[in-house]
Amino acid sequence: MTLYSLQQGEPVYTHSALANKGLRLGKRVLFRHSKTLDLDQVKALSGRRFARVFELEKACWSVAISQSASESLSLIEQLRGTEGITLAEPDLLQVRLYRDSGNSPVSRAPATAVRQQLSLTTWPEDAGRGVKIAVIDSAFSLSDPMLDSMAVEIHYDIDNRRALPVKPAPALLALDTLHGDASLAAIWSRHPDYPGIAPDAGAILLRRDKNWTSDILMSLQLSYLAGADLVQAAWILPFTQQALAEALDYLSYHGRQGKGTVIVAAAGNHADHLDNGFSLAAQPQVLSVNAVSQGVKWPVTGSHIASYVEVPYQVYSSTTGKYSLVYSNTSAATAAMTGVLAAVLSVEPSLSAKQLGQLVRQYSQPVLNAQNMIHHVQNNRMTH
């Protein structure tokens with residue numbers, strides 16, 4: 001790691017494997033501790049704000065707030081010497097260093113309804129029923145009238161630690177909701193011409209605009225506590241800290257009553273090789289999704305990519321109030337894959353995360369054939 005710059009007095013580090021992303025050392029510290037440790041009695045935490053963000057089987061990860069980056073380093077050393085605390089590390093904020101035009105291909109296919117783009121001709125009428133999807137994204141306006149029947153169980157602002165309304169509200173429109181709204185339309189829309197893939201699924205909506213590891217941990221914790229079967233991460237995280245890796249492990253073993261929570265992540269839109277990488281999409285517990293358009297694949301490579309999904313889709317735009325937005329890249333592919341897996345689980349809820357991953361690979365050669373996959377699951381259920 002090398003020092004790239006100072007942002008508001010806080011060092012930002014870079015690495016060749018992080019491309020145009022950097023790791024900013026700020027005023028937050030992550031630490032792992034025993035469940036029985038009384039944090040109010042920890043001397044190093046006296047007078048500080050702190051909170052648990054993820055609970056493992058025998059330990060917890062918490063975050064503490066410092067006054068400066070240098071104080072964070074000092075706090076880490078103090079925590080490492082405290083009985084009952086087994087690990088402490090900076091809570092890194094992952095930032096973009098410069099705007100990269102990238103080398104993602106332009107979609108050759110015209111934007112169509114997501115079901116049409118994926119050639120879903122016969123699809124379960126109640127696709128997604130009984131399945132819960134957690135969507136972690138920058139914001140959701142909920143202004144699409146075609147989402148009125150969407151069962152929103154939780155709408156929570158991770159950045160500001162507050163509950164948000166489950167119906168459209170003027171304050172929501174002030175946020176950058178384009179990306180989140182597009183994902184919701186791809187999965188939950190009841191539009192007669194642009195139906196979503198799993199509109200009967202339950203929704204857990206988690207607004208998170210900044211890439212603090214502690215905020216991602218809290219998002220995963222809320223997803224787990226709310227009983228999410230699938231977690232959609234249609235965004236890029238270039239560096240996976242130890243705390244996040246342990247949370248992913250926990251979800252893969254303990255989520256869905258031991259069947260494993262499925263984390264569906266975007267592979268990324270720029271040329272990169274995932275194998276042995278640091279990114280979220282490169283982690284073994286994650287189902288990594290790439291995009292393709294009429295045979296042209298997005299440039300991310302690696303054996304960890306589970307599938308290529310056809311894009312783009314025509315989805316709702318809160319700007320026009322119509323289905324006028326073109327949703328593409330690996331974000332769109334990830335949303336579509338999440339919807340497909342929700343439909344699969346609504347047909348056969350006993351499938352484990354590992355079995356779902358195997359199914360996806362079996363029916364991705366390399367492009368996803370969701371229609372054949374759902375037929376396979378339906379036929380297997382009938383024969384059993």
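Taking residues in region 224-245 that are within 25 Å of residue 340 (Cβ to Cβ), and partners anywhere that are outside any helix (DSSP H, G or I) and among the basic types (Lys, Arg), the pairs with Cβ atoms closer than 7 Å and at least 6 places apart or on different chains are 226/132; 227/132; 228/132; 229/132.
Return the total of residues in region 219-278 being surrounded by fewer than 24 Cβ atoms within 10 Å (Cβ to Cβ), over 27 Å from residue 162 (Cα atoms) and aliphatic (A, V, I, L, M). Selection size over region 219-278: 2. The requirement of being surrounded by fewer than 23 Cβ atoms within 10 Å (Cβ to Cβ) and over 30 Å from residue 246 (Cβ atoms) is satisfied by residue 170. One residue stands out among those in region 1-33 that are part of a strand (DSSP E or B) and among the aliphatic types (A, V, I, L, M): the one that is farthest from residue 278 (Cα to Cα), which is 6. Taking the listed residues 88, 109, 127, the one that is aliphatic (A, V, I, L, M), farther than 26 Å from residue 218 by Cα and outside the structural domain of residue 372 (by TED's automatic domain parsing) is 109, with no other qualifying.
Between 14, 82, 86, 36, which is touching a Lys or Arg at 6+ places or on another chain (Cβ under 6 Å) and surrounded by fewer than 22 Cβ atoms within 10 Å (Cβ to Cβ)? Outline the logic, then answer.
Numbers: 14 fails: touching a Lys or Arg at 6+ places or on another chain (Cβ under 6 Å); 82 fails: touching a Lys or Arg at 6+ places or on another chain (Cβ under 6 Å); 36 fails: touching a Lys or Arg at 6+ places or on another chain (Cβ under 6 Å).
Answer to the selection: 86.
So is residue 334 assigned by TED's automatic domain parsing to the domain that holds residue 124 and either touching a Phe, Trp or Tyr at 6+ places or on another chain (Cβ under 6 Å) or buried (at least 21 other Cβ atoms within 10 Å of the Cβ) (or both) or not? It is true that residue 334 is assigned by TED's automatic domain parsing to the domain that holds residue 124 and either touching a Phe, Trp or Tyr at 6+ places or on another chain (Cβ under 6 Å) or buried (at least 21 other Cβ atoms within 10 Å of the Cβ) (or both).
Can we say residue 309 is surrounded by 21 or more Cβ atoms within 10 Å (Cβ to Cβ), β-branched (Val, Ile, Thr) and either assigned by TED's automatic domain parsing to the domain that holds residue 177 or touching a His at 6+ places or on another chain (Cβ under 6 Å) (or both)?
Numbers: surrounded by 21 or more Cβ atoms within 10 Å (Cβ to Cβ): yes; β-branched (Val, Ile, Thr): yes; either assigned by TED's automatic domain parsing to the domain that holds residue 177 or touching a His at 6+ places or on another chain (Cβ under 6 Å) (or both): yes.
Here the answer is yes, as residue 309 does meet what is asked.
The set of residues in region 289-346 that are closer than 16 Å to residue 231 by Cβ and touching a Lys or Arg at 6+ places or on another chain (Cβ under 7 Å) contains only 306. Candidates are the residues of region 49-58 that are surrounded by fewer than 20 Cβ atoms within 10 Å (Cβ to Cβ) and either of a type in the set (A, V, I, L, M) or more than 30 Å from the chain's Cα centre (by Cα) (or both); the one that is nearest to residue 211 (Cα to Cα) is 51. Scanning region 140-160 for residues that are over 19 Å from residue 228 (Cβ atoms) and either of a type outside the set (Asp, Glu) or without any contact (Cβ under 8 Å) to a residue 40 or more places away in the chain (or both) turns up 141, 143, 145, 146, 149, 160.
Of all residue pairs spaced 6 or more apart or on separate chains, those with beta-carbon atoms under 6 Å, a first member in region 284-303 that is among the polar types (S, T, N, Q) and a second member that is loosely packed, with under 15 Cβ neighbours inside 10 Å and modelled with pLDDT under 95 are 293/108; 294/108; 301/273; 303/275. Only helices (runs of 4 or more DSSP H) whose full extent lies in region 137-239 are considered here, and the ones with at least 2 residues that are modelled with pLDDT of 95 or more and either charged (D, E, K, R) or under 29 Å from residue 117 (Cβ atoms) (or both) are 178-188, 213-225.
To keep it simple, each residue is scored yes or no on (1) over 28 Å from residue 54 (Cβ atoms); (2) among the basic types (Lys, Arg); (3) not assigned by TED's automatic domain parsing to the domain that holds residue 155.
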| position | (1), (2), (3) |
| --- | --- |
| 184 | no, no, no |
| 187 | no, no, no |
| 192 | yes, no, no |
| 195 | yes, no, no |
| 204 | no, no, no |
| 208 | no, yes, no |
| 211 | no, no, no |
| 220 | no, no, no |
| 224 | no, no, no |
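Scanning region 251-276 for residues that are part of a helix (DSSP H, G or I), within 16 Å of the chain's Cα centre (by Cα) and in contact (Cβ under 8 Å) with a residue 60 or more places away in the chain turns up 252, 255. Report, by residue number, each residue of region 46-99 that is in a strand (DSSP E or B) and of a type in the set (D, E, K, R). Correct list: 52, 55, 89, 96. Is there a residue being more than 22 Å from residue 181 (Cα to Cα), among the hydroxyl-bearing types (Ser, Thr, Tyr), in a helix (DSSP H, G or I) and at pLDDT below 95 anywhere in region 340-357? Looking through region 340-357, none of the residues is more than 22 Å from residue 181 (Cα to Cα), among the hydroxyl-bearing types (Ser, Thr, Tyr), in a helix (DSSP H, G or I) and at pLDDT below 95. Please go through region 191-203 and pick out each residue that is touching an Asp or Glu at 6+ places or on another chain (Cβ under 6 Å) and over 15 Å from residue 148 (Cα atoms). Scanning region 191-203 gives no hits.
The values are calculated or read from the model by the stated rules, or taken from the named source; none is laboratory data. What you see is a predicted model; the values in this text were computed from it and never measured. Glycine gets a Cβ as well: all are built from the backbone with ideal geometry, and neighbour counts include every protein chain shown.
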